[in-house]
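Only one structure is covered here, and it is reproduced in the block below.
None of the figures in this text is laboratory data; all of them are computed from the coordinates on show. Because the structure is a prediction, the values reported are computed rather than measured. Ideal geometry is used to build each Cβ from the backbone, glycine not excepted, and the neighbour counts take in all protein chains shown.
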Amino acid sequence: MLELSMHILDIAQNSLAAGSTRVDIRIHEDLLDDLLTIEIQDNGWGISEDVLTKVMDPFYTSRTTRGVGLGLSLLKEATELCQGHLQIRSVEGQGTVVIARFRLDHFDRAPLGDMGETMGILIAGNPKVEFLYEHRVNDQTYILETWEMRKILGAIDLDDPLVIDFVRQDISLGLKVIGAATFPKTMEVLR
Amino acid sequence: MELRIGEKTTKVVVGMGTCGIAAGARPVMAAIKDELAKQGGEKVTVVQSGCAGFCEQEPLVDVFRPGEKKVTYGKVSPDKARKIVTEHILGGRMLPEFVFAQEK
């Protein structure tokens with residue numbers, strides 16, 4: 001995966017496959033501690049304790065189309081490349097939270113990528129699910145909530161193609177305002 | 001996902017498993033939605049699916065037109081996706097050069 005936003009889309013697909021009606025995506029850039037945290041929390045049916053010990057194994061999957069399950073293992077690899085780690089907590093019947101931590105300015109930290117496209121596709125592709133996207137840079141926060149979007153868009157349904165553009169523009173502007181970093185600073189110097 | 005036989009509207013399925021996303025399914029999905037919006041294809045249903053097992057052919061796009069058999073396009077790029085929308089999904093002319101598999 002080239003971008004962290006693609007990992008986020010992939011992990012959120014797991015949440016949706018687990019019957020979630022609400023998915024919260026929280027990103028926190030802690031400039032002081034040089035830490036990037038990505039949290040994906042859902043209210044799906046959760047993972048049993050037995051399965052939880054195996055989910056990061058690339059040769060374990062609960063699906064039957066193929067014998068590998070790479071989503072979480074790839075994210076784990078992406079965190080470990082830059083002195084981070086991946087943590088998963090789950091309670092059966094209540095939901096799951098995946099927390100990925102990265103060294104924010106590590107040279108090998110993957111760029112965040114297009115969060116607007118990720119959120120646009122998640123929201124427009126799953127109009128009945130409630131999504132929250134919160135992006136915090138130190139004490140500045142950008143928030144996108146589907147229940148607020150419904151109020152703004154009125155008669156326009158969330159699966160309308162216009163919604164993708166709306167979400168993209170809102171996120172692009174919002175992240176600019178709070179000064180979110182796409183690339184690690186060490187990479188910016190080279191670009 | 002359930003696909004009902006005899007559906008009256010065209011359905012497009014984009015593979016959005018880990019393999020699909022890693023191969024670029026997200027911009028492909030965005031291009032399909034955008035092109036449909038531009039060309040007035042609001043009645044076309046676009047849905048996502050998981051991994052179909054042909055990961056090396058991702059991004060995969062299935063086209064189900066009413067009364068016609070399923071056509072699967074492989075290694076779809078956003079540009080190819082826009083052509084598929086214009087020619088096949090809305091125009092009814094399959095693009096054999098991009099086809100990975102066809103239902104018999």
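So here's what we get for this one:
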| read-out | value |
| --- | --- |
| Calculated FRET efficiency for the pair A:ARG150/A:LEU31, C-beta based, R₀ 30 Å, to 0.05 | 0.35 |
| Chain A shape via C-alpha gyration tensor axes, a/c threshold 1.5 | oblate |
| Greater than 19 Å apart at Cα, pairs in A:LYS176/B:LYS38; A:LYS128/B:LYS75; A:LYS151/B:LYS43; A:LYS151/B:LYS33; B:LYS33/B:LYS104; B:LYS38/B:LYS80 | A:LYS176/B:LYS38; A:LYS128/B:LYS75; A:LYS151/B:LYS43; A:LYS151/B:LYS33; B:LYS33/B:LYS104 |
| Test item: B:26-39 mean partner chain Cβ contacts at 10 Å | 4 |
| Selected from A:GLU49, A:GLU39, A:GLU77 as most flexible by GNM, with chain A as the system and alpha-carbon contacts under 10 Å | A:GLU49 |
| Sequence-distant aspartates and glutamates (8 or more away, or on other chains) whose Cα lies within less than 17 Å of A:LYS54 | A:GLU77, A:GLU92 |
| Percent of beta bridges antiparallel (DSSP, the protein assembly as shown, rounded to nearest 5) | 75 percent |
| Trypsin sites (Lys or Arg not before Pro) restricted to the stretch A:127-166 and DSSP loop, no more than 12 other C-beta within 10 Å | A:LYS128 |
| Loop chymotrypsin sites (Phe, Trp or Tyr not before Pro), the stretch A:72-141 (other Cβ atoms within 10 Å of the site Cβ: 14 or fewer; DSSP) | A:PHE107 |
| Shielding score for B:45-55, defined as the mean number of other chain Cβ atoms within 10 Å | 4 |
| Positive dipole terminus of the protein assembly as shown, leading residue within A:ILE25, A:MET149, A:ILE40 (C-beta point charges) | A:MET149 |
| Selected from A:ILE152, A:ILE38, A:ILE178 as most flexible by GNM, with chain A as the system and alpha-carbon contacts under 10 Å | A:ILE152 |
| In the stretch B:1-80, the chymotrypsin sites (Phe, Trp or Tyr not before Pro) that fall in loop regions by DSSP, at most 14 other Cβ within 10 Å | none |
| Unpartnered cysteines - no second Cys beta carbon under 4.7 Å - across chain B | B:CYS51 |
| Among B:ILE84, B:GLY74, B:GLY15 - extreme Cα towards positive end, dipole of chain B, charges at beta-carbon | B:ILE84 |
| Protection proxy ranking, peptides A:91-97, B:33-39, A:116-122, average beta carbon neighbours within 10 Å, highest first | A:116-122, B:33-39, A:91-97 |
| Overall form of the stretch B:25-68 per C-alpha gyration tensor (a/c, 1.5; a/b vs b/c) | oblate |
| Alpha carbon centroid spacing (whole Å) that separates the stretch A:13-86 from the stretch A:104-173 | 19 Å |
| Charge sum, other residues only, whose C-beta stays under 15 Å from B:THR86's C-beta, Lys/Arg counted +1 and Asp/Glu -1 | +2 |
| The stretch B:11-102, dipole about Cα centre (Lys/Arg Cβ +1, Asp/Glu Cβ -1), debye to the nearest 20 | 200 debye |
| Extension gain, A:VAL97 back to A:GLU49 (0.36 nm per residue minus Cα-Cα distance, nm) | 15.9 nm |
| Reach of B:LYS11 by Cα under 18 Å, taken over aspartates and glutamates that are not fewer than 8 positions away in the same chain | A:ASP159, A:ASP160, B:GLU2, B:ASP34, B:GLU35, B:GLU42, B:ASP62, B:GLU68, B:GLU87, B:GLU103 |
| Partner chain coverage, peptide A:81-91 - average Cβ within 10 angstrom | 0 |
